[in-house]
Amino acid sequence: MTDLRAHRSASLDAARRARSLELLGTGPTVDVLVVGGGVTGTGIALDAASRGLSVVLAERHDLAFGTSRFSSKLVHGGLRYLASGELGVAYESARERGILMGRTAPHLVRAMPMVLPLHRSVTRLQARVTRAGFLAGDALRLSARVGAGTLPASRRIPAALTLALAPALDPTGLRGGQLSYDGQLVDDARLVTALARTAASRGAHILTRCGALELDGDSALLRDELTGTELTVRARCVINATGVWADRLVPGVSLRPSRGTHLVLPAERLGNPRAAVTVPVPGETNRFVFALPQPDGRVYAGLTDEPLDGPVPEVPEAPEEDVEFLLATLSRVLTVPLSRADVIGTFAGLRPLLDSGTGRSADLSRRHAVLTAPNGVITAVGGKLTTYRAMAEDAVDAATARAGLHTGPCRTRDLPLVGAGPVPRDAGLPARFVARYGSEAAAVLAEAEGDPALLEPVAAGVTGAELRFAVRHEGALDEGDLLDRRTRIGLVPADREKALAAAREALASSRTALAAD
């Protein structure tokens, strides 16, 4: 009998993909087939593989190709959901944030200070209300057993400290600020890649460029998008985790996607802030715009929450009205207003919200759902990046129960992702590598052995060694995988153009090395 879980390395590359396709072409039945390579799909694949099941994940494009790479790069603690009365979603968010920061991905998620400036536009009553909200968030954090060592308590701060944290703020009439903390995700696409590779280390087959043409409760027709070859994969459970495209494969799933737009700004334009800036949206009680500093000298400003009109695009674009709204909202609290010329890049993602039939998309619940179609396909939809693990647990529970598979409980609450191990303090590793790759930093550094030029940045701080590591170990197959997902160089078009030659060189050299092996 074929052992579908024999290969347990965390490394993904073109050769491993080819071996998986060859094996599946012989017709074995797998326990779980997951369609969709975003945070939900890879989370489901890891959950199932960690329970000892044989798993295949099929993604039509690349890991994190869709919504999962277009988030605010925040792991939210659920404060917004407290305000809207969704206590269950709020607690789940706080709990899952704590799991990510404390056990599964502490190398990818860290505390981010966030300051809400108290200008004249924020009345004293509003200031008291927001302070009460932050105190409620502190209570939520404690109820989820996340200590102040991981996320400090919120507090009121004076104007001088507010300006020190965010120098571009207008000091006129500034009474101080509300300082709170949330989880900052180093890179959402890196989280997805880490989930997929951890699943692979448990024997899962990760197939990018492999689209699903048809789904049934016990099989799927897949197509290798690189060759056009089609194959049928038999499975005891089939799970649809394709997000905003879920209804293409399973009719009857009713979604109302909403668009979240972000701007990419130079950090120096905002005074190189040391904290995120939170700005209330005029006329709204529970909506904010954020300016979120990034490790690469950029600031991501977002986000919008607008209903999507028309067909779902493969890669959504940021409309000018969203850009203007974000610039205008942020400019309300700055000494020098932002202009369109300050924007060096934009990105937009689509939230796969369940259609409740009423209300604005901004008011729809972020609660996830696990649905079973008449043909037996399980669909996991809704939810948010922070709660991917809980969503995956529910989906695998539902799928295995339907298939009669006895696997025991979920194991992902305490399962570290690749890179989450300790890093020796005296290892002499580049700080950037440690911040992005954790305990795998030494393996990234090894890609530059014999060629110090590979440690020089090619764009946005990214080095040639990182590009090579992405091809040899992270499953990158082309330039887009390297520049738009394994790194975020592509968020700024000028940076992408600058790094294109290095990406091509990394692909060519790594393929040569793999062929020699």
Looking only at the range 203-248, which residues are assigned to a loop (DSSP other than H, G, I, E, B) and over 21 Å from the mean Cα position of the chain (by Cα)? Gly203, Gly217, Asp218, Glu225, Leu226, Thr227, Gly228, Thr229
For Gly252: the one exception among (1) at pLDDT below 95; (2) surrounded by 17 or more Cβ atoms within 10 Å (Cβ to Cβ): (2)
Number of positions in the range 414-438 that are surrounded by 18 or more Cβ atoms within 10 Å (Cβ to Cβ) and in a helix (DSSP H, G or I): 6
Single residue of Arg80, Arg51, Arg69, Arg60 found to be closer than 23 Å to Ala476 by Cα, touching a residue at least 24 places away in the same chain (Cβ under 8 Å) and surrounded by fewer than 24 Cβ atoms within 10 Å (Cβ to Cβ): Arg60
Using the structure shown, decide if Leu174 is at pLDDT 95 or above, more than 22 Å from the chain's Cα centre (by Cα) and part of a loop (DSSP other than H, G, I, E, B). yes
State all residues of the range 378-424 that are among the small types (Gly, Ala, Ser), touching a strand residue (DSSP E or B) at 6+ places or on another chain (Cβ under 6 Å) and more than 30 Å from Leu79 (Cβ to Cβ); if no residue qualifies, say none. Ala399, Ala403
When the range 479-493 is checked residue by residue, the ones that are surrounded by fewer than 24 Cβ atoms within 10 Å (Cβ to Cβ) and closer than 22 Å to Ala448 by Cβ are Glu479
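Looking only at the range 82-112, which residues are touching a Leu at 6+ places or on another chain (Cβ under 6 Å), modelled with pLDDT of 95 or more and not β-branched (Val, Ile, Thr)? Give the steps one after another, and end with the answer.
Step one: list which residues in the range 82-112 are touching a Leu at 6+ places or on another chain (Cβ under 6 Å), which gives 90, 94, 104-105, 108-109, 111.
Remaining after also requiring modelled with pLDDT of 95 or more: 104-105, 108-109, 111.
Of everything in the range 82-112, those that are touching a Leu at 6+ places or on another chain (Cβ under 6 Å), modelled with pLDDT of 95 or more and not β-branched (Val, Ile, Thr) turn out to be Ala105, Leu108, Ala111.
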Scan the range 201-220 and tell me whether some residue there is buried (at least 24 other Cβ atoms within 10 Å of the Cβ), more than 15 Å from Leu21 (Cβ to Cβ), touching a residue at least 40 places away in the same chain (Cβ under 8 Å) and among the polar types (S, T, N, Q). no
Considering each of Val122, Val75, Val115, Val89 in turn, give the residue that is of a type in the set (Val, Ile, Thr), in contact with a strand residue (DSSP E or B) (Cβ under 8 Å, 6 or more places away or on another chain), under 26 Å from Val35 (Cβ atoms) and not assigned by TED's automatic domain parsing to the domain that holds Gly25. Val75
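The values are calculated or read from the model by the stated rules, or taken from the named source; none is laboratory data. Please read these numbers as outputs of a predicted model, since none were measured by experiment. All Cβ positions, glycine included, derive from the backbone under ideal geometry; neighbour counts span all protein chains shown.
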